[in-house]
Amino acid sequence: MSYYFTILSPTDTPIFNIAFGTSKGGGDGIARFRFPDTAQYMNQFIIHSSLDIVEEAQWTNGGMYLKHIDTYPPAAAYISAFLTPSGARFLLLHQPPQLPNSGSSGGLGSSSLLGSSGNLVARGSTSSIAANPTSPQTEEAVRQFMTEVYESYVKTAMSPFYKQGMEIRSPVFRTRVTAAGKKWL
Amino acid sequence: MSSSKASRIGEEIWKTRIDKVNAELVTLTYGTIVAQLCQDYDSDYQEVNKQLDKMGYNIGMRLIEDFLAKSGVGRCANFRETADMIAKVGFKIFLNVAPTVTNWTSDNNQFSLIFDDNPLADFVELPDDGRAQDELWFSNILCGVLRGALEMVQMQIEAHFVSDVLRGDDTTEMRVSLVRYIEDEMPPEEE
């Protein structure tokens, strides 16, 4: 599973982003997206394209965590969102790994970039976080991750030298996000 | 007066005679002051340190009166006693921290205060402009406070920070040196 996490300020400026991979089930914490290295902007593209849905979903309940709100089937990418009361948005894109022995050969052969529906069904059968992005366990893990990042975010935003809407450059914050990712995802 | 007795006095006063205020109010207010100074002086951190020290000096000159009124302690017999009084009573009742007094020089005129906990610096991360980490002493106001307060009780001292966890050091340490006892009670120098 590979993750791309981004924070958007209330005025839609990206103020923080990080890519990382799962550390569960023997993962080494390195992101391996299915895009070629030259197309990493696709992550940003996909994640930002979910903002419309975030805006639709944000008033539907009182919770800050919106669970997974959007999918981008061509890349088998799932997007979870978390809102802070001040309007900052935490978005997490997760992309399950290609499972080499699952799905039909037609699915794998269609394109190296595209996940196939056959693969999705196969993934649904396992219960690990990495393989099943919509299971309750995954939602819970993402919620824990978001909550932990939120705590760090609050602390960072309280620093007198941080101005609202400014890019978060704090190495401490980055370390904490990485640690939270390692712990929960 | 022993160090442990000073601790007890500080503890007692803190519990019974001090109005408490929300810690975050203090932290955020102080942080804003420092950040504003950095902006006003265009990130001239030497100047910011100086201004903080000056602000502290003015606070200290008044605070000593409040300190003596609240604590009811008398004159210290020597500089070692003064150090304990500052650390265990002064810092305790005003900031609810009790820094460790250590690293005395053999002539008993210089010591260090090690702060395990510094309420002024919660949440703070210094600006990453490559200079703040080397130049800004975020809590420099405390040096001024000590200088101002002790001057009012006939002790001229020099205080400065030598390390700060905000800069990535292991400890926050302030060095305090006694310059002289002011014998004839001169009015405080204009500053």
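The values are calculated or read from the model by the stated rules, or taken from the named source; none is laboratory data. Worth saying up front: this structure is predicted, and the values here are computed from it rather than measured. A quick note on method: Cβ atoms are made from the backbone with ideal geometry, for glycine too, and the neighbour counts reach across all protein chains shown.
Scanning the range A:7-48 for residues that are β-branched (Val, Ile, Thr) and within 17 Å of A:HIS94 (Cα to Cα) returns A:ILE7, A:ILE18, A:THR22, A:ILE30, A:ILE46, A:ILE47.
Looking only at the range B:39-56, residues that are in contact with a Pro (Cβ under 9 Å, 6 or more places away or on another chain) and at pLDDT 95 or above come to 0 in all. Test of understanding: among B:SER106, B:SER4, which residue is among the polar types (S, T, N, Q) and closer than 21 Å to B:SER177 by Cα? Of B:SER106, B:SER4, the one residue that is among the polar types (S, T, N, Q) and closer than 21 Å to B:SER177 by Cα is B:SER106. Within the range A:1-12, residues that are on the phi < 0 side of the Ramachandran plot and surrounded by fewer than 19 Cβ atoms within 10 Å (Cβ to Cβ) reach partners that are among the polar types (S, T, N, Q) and modelled with pLDDT of 90 or more with beta carbons closer than 9 Å, at six or more positions or on different chains, in the pairs A:PRO10/A:THR84.
The helices (runs of 4 or more DSSP H) found entirely in the range B:3-119 that carry 2 or more residues being touching a helix residue (DSSP H, G or I) at 6+ places or on another chain (Cβ under 7 Å) are B:3-16, B:23-40, B:45-71, B:91-95. Consider the range A:133-177 and keep the residues that are within 20 Å of B:VAL124 (Cα to Cα) and more than 14 Å from every other protein chain (Cβ to nearest Cβ). The one that is modelled with the lowest pLDDT is A:GLY165.
In a residue-by-residue description of the range A:49-56, the property of being crowded, with 20+ Cβ neighbours inside 10 Å, part of a loop (DSSP other than H, G, I, E, B) and in contact with a strand residue (DSSP E or B) (Cβ under 7 Å, 6 or more places away or on another chain) applies to at least one position.
With the condition kept exactly as written, say whether any residue in the range B:61-76 is on the phi > 0 side of the Ramachandran plot and either surrounded by fewer than 21 Cβ atoms within 10 Å (Cβ to Cβ) or among the aromatic types (Phe, Trp, Tyr) (or both). Yes, because at least one residue in the range B:61-76 is on the phi > 0 side of the Ramachandran plot and either surrounded by fewer than 21 Cβ atoms within 10 Å (Cβ to Cβ) or among the aromatic types (Phe, Trp, Tyr) (or both).
The combined condition, being at negative phi, buried (at least 16 other Cβ atoms within 10 Å of the Cβ) and in contact with a Gly (Cβ under 7 Å, 6 or more places away or on another chain), is fulfilled by A:ALA31. Identify the residue in the range B:117-160 that is in contact (Cβ under 8 Å) with a residue 40 or more places away in the chain and surrounded by fewer than 18 Cβ atoms within 10 Å (Cβ to Cβ) and, among all such residues, is nearest to B:ILE64 (Cα to Cα). The selected residue is B:VAL153. Considering the range B:29-88 alone, what residues qualify as being over 29 Å from B:ILE13 (Cα atoms) and either of a type in the set (Phe, Trp, Tyr) or touching a residue at least 40 places away in the same chain (Cβ under 8 Å) (or both)? Scanning the range B:29-88 gives B:VAL34, B:CYS38, B:TYR41, B:SER43, B:TYR45, B:GLN46, B:VAL48, B:ASN49. Could you tell me whether the range A:79-100 includes any residue that is farther than 16 Å from A:ARG32 by Cα and at pLDDT below 85? Taking every residue of the range A:79-100 in turn, none turns out to be farther than 16 Å from A:ARG32 by Cα and at pLDDT below 85.
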